[in-house]
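The values are calculated or read from the model by the stated rules, or taken from the named source; none is laboratory data. Keep in mind it's a predicted model, so treat the numbers as computed, not measured. A quick note on method: Cβ atoms are made from the backbone with ideal geometry, for glycine too, and the neighbour counts reach across all protein chains shown. Side chains are part of the model used for accessible areas, which takes the heavy atoms of the whole protein and leaves out ligands, DNA and RNA. Shrake-Rupley method; radii C 1.70, N 1.55, O 1.52, S 1.80 Å.
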Amino acid sequence: MKSIAIIFSHSPFGNFLSKDGLDFSISLTAYSKKIEIFFIGDGVFQCLKNKNSNYIYCYDYTQRFKILKTLGVKKFYCDQSSLESRGLLNIKNFIVTMNILNTKNFINKLSFFDHILNF
């Protein structure tokens, strides 16, 4: 079975790319159990709890990341420099249990996957 890394690098609001990536990730769990999720760039905003999207009239789909844990996805990674540059490094309130990696380890971790998808 091939291993798959799914990278979220876009903001959760303003487009449907990230939502489609989450939907794809959920459906992919039926075919592979070797899936790990990565957050980098503006994608780090997706893994934060307690976002209030009512003011921008958007549905907050990011709570559905919890479904991935029940479907067998066990590992979630976040890029430390992305958190730091957005002033989120000291935040520990993530939707799922997050492994925070420095950029070198983040990229090194990605190199072990058979397939890498970016949303």
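Can you find a residue that is closer than 21 Å to Ile107 by Cα, at pLDDT below 95 and part of a helix (DSSP H, G or I) anywhere in region 50-61?
Checking region 50-61: not a single residue is closer than 21 Å to Ile107 by Cα, at pLDDT below 95 and part of a helix (DSSP H, G or I).
Taking region 11-45 only, how many residues are touching a Leu at 6+ places or on another chain (Cβ under 7 Å) and modelled with pLDDT under 95?
4
Cβ-Cβ distance below 7 Å, separation of 6 or more or different chains: which pairs start in region 39-50 with a residue that is small (Gly, Ala, Ser) and end on one that is open to solvent by 50 Å² or more (accessible area, probe 1.4 Å)?
Gly43/His10
Is it fair to say Asn105 is at pLDDT below 95 and of a type outside the set (Gly, Ala, Ser)?
Details: at pLDDT below 95: no; of a type outside the set (Gly, Ala, Ser): yes.
It is false that Asn105 is at pLDDT below 95 and of a type outside the set (Gly, Ala, Ser).
Just name the residue that is farthest from Ser82 (Cα to Cα) out of those in region 4-28 that are open to solvent by 10 Å² or more (accessible area, probe 1.4 Å) and among the hydroxyl-bearing types (Ser, Thr, Tyr). Working first, answer last.
Taking region 4-28 first, the residues open to solvent by 10 Å² or more (accessible area, probe 1.4 Å) are 4, 7, 9-11, 13-17, 19-20, 23-24, 26-28.
Still in the list and also among the hydroxyl-bearing types (Ser, Thr, Tyr): 9, 11, 27.
On the way: Ser9: 10, Ser11: 12, Ser27: 27 Å.
Ranking the candidates gives Ser27 first.
Can you work out which of the residues in region 6-43 that are under 10 Å from the mean Cα position of the chain (by Cα) and of a type in the set (A, V, I, L, M) is farthest from Leu101 (Cα to Cα)?
Leu22
Return the total of residues in region 75-119 being part of a loop (DSSP other than H, G, I, E, B) and either surrounded by 12 or more Cβ atoms within 10 Å (Cβ to Cβ) or not aromatic (Phe, Trp, Tyr) (or both).
Of the residues in that region, 18 qualify.
Does Leu68 fit the bill of being at pLDDT 90 or above and of a type in the set (A, V, I, L, M)?
In short, yes.
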